[in-house]
Amino acid sequence: MLDITQKVTFADTIFAQEVDGEMVLLDMESENYFGLDAVGTDIWQQIETHEGDLQKVFDALLQMYEVDEERLRQDLLTFVERLTQSGLVKVVAA
């Protein structure tokens, strides 16, 4: 089960481009497109910035948004789990 102490890495087959403040993702292998809303884009960019360290991503998002810590933790883990299921990121050893 995914937890905040883990790290993730982007799949090698993903091309990401920000368009009008939202991230558009293309899986070059499956040719599937994914669109992220503004919050999803912030999370994606924080994953990039913090090299997949979910604790650092969580800490950065906590500074960006006025939100309950537990709610943010759950939302972050749910989002990353969906990215994992879609093959966009992989969980790696911390």
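Considering each of Gly40, Gly52 in turn, give the residue that is surrounded by 15 or more Cβ atoms within 10 Å (Cβ to Cβ) and within 19 Å of Val92 (Cβ to Cβ).
Going through Gly40, Gly52 in turn, just one is surrounded by 15 or more Cβ atoms within 10 Å (Cβ to Cβ) and within 19 Å of Val92 (Cβ to Cβ): Gly52.
Quick one: in the stretch 50-59, which of the residues that are assigned to a helix (DSSP H, G or I) and not polar (S, T, N, Q) is farthest from Lys7 (Cα to Cα)?
If we take residues in the stretch 50-59 being assigned to a helix (DSSP H, G or I) and not polar (S, T, N, Q), then Asp59 is farthest from Lys7 (Cα to Cα).
Taking the stretch 60-88, which residues are surrounded by 15 or more Cβ atoms within 10 Å (Cβ to Cβ) and either modelled with pLDDT of 95 or more or part of a helix (DSSP H, G or I) (or both)?
Those that are surrounded by 15 or more Cβ atoms within 10 Å (Cβ to Cβ) and either modelled with pLDDT of 95 or more or part of a helix (DSSP H, G or I) (or both): Ala60, Leu61, Leu62, Leu72, Arg73, Asp75, Leu76, Leu77, Phe79, Val80, Leu83, Thr84.
Within the stretch 1-38, work out how many residues are farther than 12 Å from Gly87 by Cα, touching a residue at least 24 places away in the same chain (Cβ under 8 Å) and not in a strand (DSSP E or B).
Within the stretch 1-38, residues that are farther than 12 Å from Gly87 by Cα, touching a residue at least 24 places away in the same chain (Cβ under 8 Å) and not in a strand (DSSP E or B) number 5.
Take the stretch 11-37 and flag every residue that is within 18 Å of Lys90 (Cα to Cα), surrounded by 15 or more Cβ atoms within 10 Å (Cβ to Cβ) and in contact with a Gly (Cβ under 8 Å, 6 or more places away or on another chain).
Ala11, Leu25, Asp27
The values are calculated or read from the model by the stated rules, or taken from the named source; none is laboratory data. Quantities reported herein were computed from a predicted structural model and do not represent experimental measurements. Every residue, glycine among them, receives a Cβ derived from its backbone with ideal geometry; neighbour counts consider all protein chains shown.
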